[in-house]
Amino acid sequence: MSVTDKTGAFSRLGDGPRLTQSARRQLLLTVMPVIVLAALVAAIAIANPNFLRASSIWTVLDSAVPLMILASGAMLVILVGGIDLSVASLASMASVLVALWIPALGGWAVPVVIIVCALAGLLQGAIHVVAQVPSFLVTLGGLAVWSGVALLASGASTIPVSGTTLDWTFTRVGAWNVPSAVLIAAALVAVFALVLAFTPVRRWLISIGSSEPAALMAGAPVTQTKIAAFVVSAACAGFAGIMLVGRTFSGAPTLADSLLLPVVAAIVVGGTAITGGFGGIGRTIVGVLIITVLRVGLSVAGVDSSYEQIFYGVLVIAAVAMTIDRSKLPFVK
Amino acid sequence: MAPARLGLAPPETGRAPGSPRPSRRPDRATILADFGPLGALVLLCLLFGFLSPQFATWGNVRNVLDSASVLAVIAVGLTFVLLLGAIDLSIEGVMATAALSVALLVANSRNDLDFGFMGVLAAVAIGAGFGLASGLLSTGLKIPSFMTTLGMSAIGIGIATVLFGGVQPALRSPELAEWASGQWFGLTRLTYVAVAVVLIGILVQRYTRLGRYARAIGGAEELALLSGIPVRRYKTLAFTFAGATYGLAGVMVTTQLGSGIVQAGVGQNFAAITAAVVGGTLLSGGRGGVLHSIVGVLIVTVLVNGLVLIGVSPYVQGAVQGVIVVAAVVITAWPLRKRLRVVK
């Protein structure tokens with residue numbers, strides 16, 4: 001059973017029916033998202049054969065990039081069992097800051113903004129871990145604070161970006177007209193995948209998400225790993241905000257705010273359990289593609305975009321209901 | 001199962017079974033929790049009264065009470081959810097749907113319906129329906145409430161957007177407008193509505209099973225379950241009651257604005273959580289109550305009002321609330337810290 005990897009087979013020794021149940025659950029979480037994605041692509045391709053042309057595939061992938069970057073970071077926090085509700089507002093803040101700072105700093109605005117966002121994540125992670133405040137609350141507070149910073153810095157208006165500083169985020173390269181954003185996201189995902197595959201980080205994340213006291217007793221660097229997850233999540237959010245500025249040529253204090261629910265939806269639809277300890281970057285890619293393709297599918301089917309929010313709400317609740325590991329929650333608050 | 005079981009210490013309270021609290025701490029903590037917020041409110045009023053001559057005028061007091069009325073109604077409902085140890089992030093969505101529903105059901109500029117106060121009741125019932133759905137999803141499917149209510153909020157905003165349909169419905173109902181502008185003894189009628197809801201909230205909390213059981217469940221869910229309390233039913237009921245108050249709050253905002261908008265509840269969710277926490281209703285459940293939350297509502301409203309009067313940018317308000325709520329939770333949770341405590 002390759003799917004019952006390190007995520008908790010140990011804790012279920014000598015527990016016959018449990019083992020098969022959890023094995024079935026994990027198999028479901030692995031196979032279902034891929035099937036859903038394939039079915040969606042097939043359905044849209046039948047409805048509109050143009051969907052499978054190279055140019056439209058590149059366009060769809062291109063539009064998935066901000067979501068992909070946000071979700072890769074936020075996935076780490078969910079993997080350790082927490083949640084980061086501040087990513088969308090951090091991305092908005094990053095868009096405002098980068099738009100404000102490009103005139104003075106030029107290209108250096110990009111790393112500076114990512115560092116500022118990473119520091120914001122460090123603050124949230126430190127409060128969560130040191131003061132032992134639930135992560136949803138810290139990041140909900142963070143959401144309000146970063147939105148406030150963005151509103152204050154921008155004077156609640158859209159800040160246009162002129163010049164070619166951010167052109168690299170939104171051009172086409174090579175003979176196949178590959179969108180640069182897709183290459184950047186692919187590189188980022190590759191880095192995530194390599195780190196998770198060849199360093200102990202993945203084991204730490206999953207052991208913390210599965211059973212934090214056990215991870216602590218086994219000597220895993222629990223505090224550092226949890227804080228690092230928040231830092232990476234926030235840095236990714238900042239980077240996603242910069243990518244958004246590249247497409248709209250402006251930064252705005254609410255630019256990315258509507259992305260929070262799609263990010264959470266993408267992560268859980270991909271099969272990462274909201275209870276932590278199960279998931280990974282591959283599942284997140286599938287989840288992001290499902291959300292993006294669904295959005296395309298809805299417009300192909302002629303559904304009004306005002307229904308989109310209803311649809312995300314239903315999707316998040318349904319996906320969480322299917323992926324949650326109830327054996328970990330004695331009481332559901 | 002052993003390693004996983006270790007993680008079962010109640011996640012937010014840290015009150016591990018078999019570890020009694022130090023005997024003297026609860027007394028001091030309780031006194032601080034009961035009277036600290038009230039003291040903070042008095043201090044804030046004195047401070048702003050000193051900094052701004054406009055603060056302590058009758059007109060401004062009326063402003064504060066006026067703007068506190070909507071938040072107070074929300075906070076009454078939210079308090080019951082927080083007493084359970086759950087959280088409700090659906091307020092903005094529920095208020096949006098209730099606001100659009102009431103605007104389309106009473107005399108308005110979009111259609112020929114005119115149900116008068118039945119329309120108001122319908123909007124409150126729609127709010128209760130949202131609460132019921134959140135409660136059933138949380139207890140039936142065993143999903144953490146922050147997740148279900150986040151989803152419900154999006155659904156509510158989506159429904160409101162569909163109802164809005166690009167054309168803003170304006171109220172054409174004089175008797176409803178009278179409730180927003182008409183005054184009794186110098187205060188708008190909506191202020192008295194809020195006072196009535198607060199009184200109902202206090203009565204429900206003290207004298208009904210809903211209030212009693214909500215506190216018991218939030219204090220120790222396992223004990224409540226073992227002593228035969230139908231936990232799921234009362235949890236669902238608490239969410240439903242809360243949904244009804246958000247629905248009423250949506251109606252109140254709509255009468256104040258004179259038209260139904262999707263943004264009716266923007267910012268209220270966070271303000272209500274801040275108010276409850278600052279007032280001493282702990283997010284870990286079982287502590288606090290309606291009166292605590294109302295003191296918190298006044299603190300938040302006075303703070304917002306005072307900051308505007310002394311010339312602080314209104315954009316900072318949300319950020320100030322964010323800092324306050326995190327700080328308040330850090331302060332109240334600090335004594336419960338433990339090396340092996342699991343907080344997600």
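Note on A:Met217 and A:Ile46: with the Förster distance fixed at 51 Å, the Cβ-Cβ geometry gives a FRET efficiency of about 0.40. Within the same chain, aspartates and glutamates fewer than 8 places from A:Lys226 are excluded, and of the rest, those with a Cα less than 16 Å from its Cα are A:Asp84, A:Glu212. Ordering A:Val178, B:Leu150, B:Gly265 by the projection of their Cα atoms onto the charge dipole of the protein assembly as shown, which places +1 on the Cβ of Lys and Arg and -1 on the Cβ of Asp and Glu, puts B:Leu150 at the extreme positive end.
Here, P(r) means the percent of Cα pairs in each 10 Å bin from 0 to the largest distance; for the range A:31-325 it is 7, 28, 35, 23, 7, 0.
Of all aspartates and glutamates in the structure, the ones whose alpha carbon falls short of 17 Å from that of B:Lys235, not counting any fewer than 8 places away in one chain, are B:Asp88, B:Glu221, B:Glu222.
Listed highest first by mean packing, meaning other Cβ atoms within 10 Å per residue, what order do A:215-228, A:292-305 come in? Don't jump to the answer; show the numbers that get you there.
Values: A:215-228: 17.4, A:292-305: 15.3.
Packing order, densest peptide first, comes out as A:215-228, A:292-305.
Net charge dipole, the range A:229-333: roughly 280 debye, given to the nearest 20, about the Cα centre with Cβ charges of +1 for Lys and Arg and -1 for Asp and Glu. The B:Ala56 and B:Tyr207 beta-carbon pair, evaluated with R₀ = 25 Å, returns a calculated FRET efficiency of approximately 0.10.
Put a dot 7 Å past the Cα of A:Arg24, heading toward its Cβ, do the same for B:Val195, and the two dots end up 6.0 nm apart.
Accessible surface for A:Lys328 stands near 50 Å², nearest 10, in the context of the full protein assembly shown (1.4 Å probe). Model label points for B:Phe185 and B:Phe117, set 7 angstrom from Cα along the Cα-to-Cβ axis, are 2.0 nm apart.
Inside 10 Å of the C-beta atoms of B:323-334, what's the mean count of C-beta atoms belonging to other chains? Don't skip to the answer; put the middle values down first.
Details: counts 5, 2, 7, 14, 4, 1, 8, 8, 1, 1, 5, 4.
Mean inter-chain Cβ contacts per residue within 10 Å come to 5.
Positive end of the dipole of the range A:31-325 (Cβ unit charges, origin at the Cα centre): among A:Val268, A:Val149, A:Leu61, the Cα lying farthest that way belongs to A:Leu61.
Hey, what does the equivalent ellipsoid look like for chain B, semi-axes from the Cα gyration tensor as sqrt of 5 times each eigenvalue, largest first, whole Å?
Equivalent ellipsoid of chain B: 34, 26, 17 Å, largest first.
At the residue level, B:Glu175 shows approximately 90 square angstrom of accessible surface with a 1.4 angstrom probe and all protein chains present. In loop segments of the range A:165-219 as defined by DSSP, the chymotrypsin sites (Phe, Trp or Tyr not before Pro) with at most 10 further C-beta atoms inside 10 Å of their C-beta are A:Trp176. Counting only Cα atoms, the protein assembly as shown measures 76, 60, 49 Å along its principal axes, largest extent leading. Under the convention that each Lys and Arg Cβ holds +1 and each Asp and Glu Cβ holds -1, the size of the dipole of the protein assembly as shown around its Cα centre is about 2140 debye. Its DSSP H runs of at least 4 residues, each contributing -39,500 (n - 2.57), put the calculated 222 nm mean residue ellipticity of chain B at -23000 deg cm²/dmol, to the nearest 500.
Counted residue by residue at 0.36 nm each, then reduced by the alpha carbon distance between them, the extension gain from A:Val130 to A:Ile115 reaches 3.2 nm. Annotation: aspartates and glutamates with alpha-carbon distance below 12 angstrom to B:Lys142 (same-chain offsets under eight excluded): A:Asp325.
What does the structure give for B:159-166 when I average, per residue, the other chain Cβ atoms found within 10 Å of the residue Cβ? Whole-number average of other-chain Cβ neighbours for B:159-166 is 3. Computed from the C-beta positions of B:Ile331 and A:Ala301 and an R0 of 51 Å, the FRET efficiency is 0.50 to the nearest 0.05.
Over chain A, DSSP H runs of length four or greater, each weighted -39,500 (n - 2.57), average out per residue to a 222 nm ellipticity of -23500 deg cm²/dmol. Highest mobility in the GNM of chain A, judged by mean-square fluctuation with C-alpha springs under 10 Å and restricted to A:Thr284, A:Thr272, A:Thr139, is found for A:Thr139. Each peptide in B:201-208, B:189-196 was scored by the mean count of other Cβ atoms within 10 Å over its residues; highest first, the order is B:189-196, B:201-208. Each peptide in B:158-167, A:63-72, B:223-232, B:281-290 receives the mean, over its residues, of other Cβ atoms within 10 Å, and ordering these scores from highest gives A:63-72, B:281-290, B:158-167, B:223-232.
Largest GNM mean-square fluctuation across A:Leu196, A:Leu260, A:Leu79, computed for chain A with C-alpha springs under 10 Å, falls on A:Leu196. State the Cα centre-to-centre distance between the range B:219-275 and the range A:121-185 in whole Å. With the range B:219-275 and the range A:121-185 each reduced to a Cα centre, they are spaced 31 Å.
The values are calculated or read from the model by the stated rules, or taken from the named source; none is laboratory data. Computed from a predicted structure; not experimentally measured. Note that we place each Cβ from the backbone using ideal geometry, even for glycine, and neighbour counts take in every protein chain shown. Accessible surface areas use protein heavy atoms only, side chains included; no ligands, DNA or RNA. Shrake-Rupley method; radii C 1.70, N 1.55, O 1.52, S 1.80 Å.
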